[in-house]
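Below is one structure, written out as structure tokens; comments come after it.
The values are calculated or read from the model by the stated rules, or taken from the named source; none is laboratory data. Keep in mind that this is a model prediction, so the values were computed, not measured. All Cβ positions, glycine included, derive from the backbone under ideal geometry; neighbour counts span all protein chains shown. Ligands, DNA and RNA are excluded from the accessible area calculation, which covers all protein heavy atoms including side chains. Shrake-Rupley method; radii C 1.70, N 1.55, O 1.52, S 1.80 Å.
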Amino acid sequence: MTSETRTGPPRFGSERAMLRAFLDYHRATLAMKCEGLTDEELRQRSMPPSTLSLLGLVRHMAEVERAWFRRVFEDNDAPLVWSDETDFQAAYDASASTRGEAFAAWDAEVARSRRIEREAESLDQAGYQPRWSAEVSLRMVMVHVLLEYGRHNGHADLLREGVDGTVGA
């Protein structure tokens, strides 16, 4: 991690502005945890037999962005990024992946998610979550994805320390 490139969330603002800012902050945190590492280091697993790695987390979060924004608000039948069988665990296996591949997919899904959120009239906009066969609000989706990033950025902290000893935000 070479520099602090994240913009911290505001201390005051609307609910939507806060959710948007915290999501972007956590997205930037995941990217920062991967800075300066080779593909091999990004693929380094936490502890066998787990396939968990920093690159696996990037791939997983691309899947999360797609599953909660694109599939809910645009295309309920959109395939997953790394699985034709709707296996959400497949993204974690980054053994044959590269930074370029994983980050290109993640960046594309984040850009789509941001566009979907910006175009929504309100946080109360409903979408259909195919995994649950139920409608959900944009507010619920943003909170859910924010919690996913929070959990997985904790994993990223430990993974990065295991790769090269780097700790901290």
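Of all residue pairs spaced 6 or more apart or on separate chains, those with beta-carbon atoms under 8 Å, a first member in the stretch 72-85 that is over 22 Å from R139 (Cα atoms) and a second member that is open to solvent by 60 Å² or more (accessible area, probe 1.4 Å) are L80/T86; L80/D87. Quick check on my filter: what residues within the stretch 95-113 are more than 12 Å from M61 (Cβ to Cβ) and either of a type in the set (S, T, Y) or open to solvent by less than 10 Å² (accessible area, probe 1.4 Å) (or both)? Passing the criteria: S95, S97, T98.
Within the stretch 9-59, restricting attention to residues that are open to solvent by 50 Å² or more (accessible area, probe 1.4 Å) and small (G, A, S), which residue is nearest to R99 (Cα to Cα)? Per the criteria, the residue is G36.
Summed over the stretch 25-76, the residues that are at pLDDT 95 or above, touching a helix residue (DSSP H, G or I) at 6+ places or on another chain (Cβ under 7 Å) and among the aliphatic types (A, V, I, L, M) give a count of 11. The set of residues from the stretch 141-169 being more than 17 Å from S53 (Cβ to Cβ) and either without any contact (Cβ under 8 Å) to a residue 24 or more places away in the chain or surrounded by fewer than 12 Cβ atoms within 10 Å (Cβ to Cβ) (or both) comprises L147, V167, G168, A169.
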